[in-house]
Amino acid sequence: MIEWFDDLALGMRFKSGNVQITESDIKRFAAEYDPQPMHLDEAAAAKTAFKGLAASGWHTAAIAMNLAVQVRPFGRHPLIGMGVDELRWMAPVRPGDTLHLEGEVVGLTPSRTKPQGIALVKWTVFNQNGEAVYTFTPIAIVPRRPPST
């Protein structure tokens, strides 16, 4: 079981369950956070580069974060980050898509001065066709195992 930075290993993999995206999910998020035509109106979206209604990239990012929290890659510890590297949107997310998240530990750096380490997990969101739609690599702070007493 993963509980501490010390339990992580390069190449370790994680996989989430699935989440289905609905048209109402897309429009609700967009109305509040990214009110652009390609996220709110089918007719207007058809005239954009997306050629149809598509979820906001930030909606996709929020879904990915929710799935990462559910995976619990650092055990009971929260996902606390210092930033994000390599954030990319590769394909639009459409109504009816089913998404899941996969991650791989690609970097581990123990702190020299603090009881923690920096873990890099490259996360990728895939749709039901196995196409990567989004990827990001958060710079996560993970506590180290306390010394035995």
Per the filter on region 100-149, residues of a type in the set (A, V, I, L, M) and in contact with a helix residue (DSSP H, G or I) (Cβ under 6 Å, 6 or more places away or on another chain) are Leu101, Val125, Val142
Within region 72-113, restricting to residues that are of a type in the set (S, T, N, Q) and assigned to a strand (DSSP E or B), the one that is least open to solvent (accessible area, probe 1.4 Å) is Thr98
Log entry, pairs with first residue in region 131-145 being touching a residue at least 12 places away in the same chain (Cβ under 8 Å), second being of a type in the set (Ser, Thr, Tyr) and part of a strand (DSSP E or B), beta carbons closer than 7 Å, six or more apart or on different chains, reads Ala132/Thr124; Thr135/Thr124
State yes or no: is Arg13 over 20 Å from Phe136 (Cα atoms), out of contact with any helix residue (DSSP H, G or I) (no Cβ under 7 Å at 6 or more places or on another chain), of a type in the set (Lys, Arg) and in contact (Cβ under 8 Å) with a residue 24 or more places away in the chain? no
Listed by first then second residue, the pairs whose first member lies in region 81-100 and is free of Cβ contacts under 8 Å to residues at least 60 places away in the same chain, whose partner is among the aromatic types (Phe, Trp, Tyr) and open to solvent by 50 Å² or more (accessible area, probe 1.4 Å), with beta carbons under 6 Å and at least 6 positions apart or on separate chains, are Pro92/Phe50
When every residue in region 1-28 that is open to solvent by less than 30 Å² (accessible area, probe 1.4 Å) and part of a helix (DSSP H, G or I) is compared, the one nearest to His77 (Cα to Cα) is Phe5
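The values are calculated or read from the model by the stated rules, or taken from the named source; none is laboratory data. Quick caveat, the model's predicted, so the values are computed rather than measured. No Cβ is skipped: glycine too gets one built from the backbone with ideal geometry, and neighbour counts run over all protein chains shown. Calculation scope for accessible area: heavy atoms of the full protein, side chains included, ligands and nucleic acids excluded. Shrake-Rupley method; radii C 1.70, N 1.55, O 1.52, S 1.80 Å.
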